[in-house]
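Nothing in this text is a laboratory measurement; each read-out follows from the coordinates by a stated rule. Note that the structure is a prediction, hence the values are computed from the model and not measured. Cβ placement follows ideal geometry from the backbone for every residue including glycine, while neighbour counts extend to all protein chains displayed.
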Amino acid sequence: MNSFNEIQTKEGYLQRLNLLTPASQARWGKMNVQQMLNHLNELFLTATGQKAVKDSVGVKMLSIVVGGVFKKRIIHSKKPFPKGIGNAPLPAAADFETEKGLLVGSLLNCKPSQFTKKSLSVFGKMSPELWDKFLVRQFEHHLSQFGV
């Protein structure tokens, strides 16, 4: 499986990101390309502990009950994410060049060993290794969503 520890993984994602334009259209889902870039940026901020996740009591309880199952089925699975599954509320339209520049910077400076051990919504407690796998799966899903 790909990892952000591998330079070829980072280079591959950088090449694919450079194929995106402000006019890139999603093959499925509700996100536009700016929102997708913002979503990936927000995940990097969360993975590195720069942004705290504020879950409701219900989500925290759900993570205790089914977090392990979700990790196994979603993060550890070899199957692609299902198309069109919901996620966090969509951000307002962001500036394409700004979001792309932030994401490229995050990719270039990414060190999975520095990922947090804090929880992520229904997945519960995450390790740096789980964050790495999750982010790789997110990149694959969303770049494929936009045909790159």
* To do: Order these peptides, 106-113, 126-133, by their mean beta-carbon neighbour count within 10 angstrom, highest first.
  => 126-133, 106-113
* **Volume per residue that the Cα convex hull of the range 94-148 spans, once the total is divided by residue count, Å³** => 106
* Structure fact -> If amide H atoms are modeled at 1.01 Å from N in the peptide plane, then the residues at a separation of 5 or more from Ala94, or on another chain, having amide H under 5 Å from its own are Gln35
* Asked: Measuring from label point to label point, each 7 Å out along Cα→Cβ, what is the Glu129 to Thr21 span in nm?
  -> 4.3
* the range 42-51 - phi-based ³J(HN,Hα) in whole Hz, Karplus 6.51/-1.76/1.60, Gly and Pro as x -> 4, 5, 4, 4, 5, 4, 8, x, 7, 9
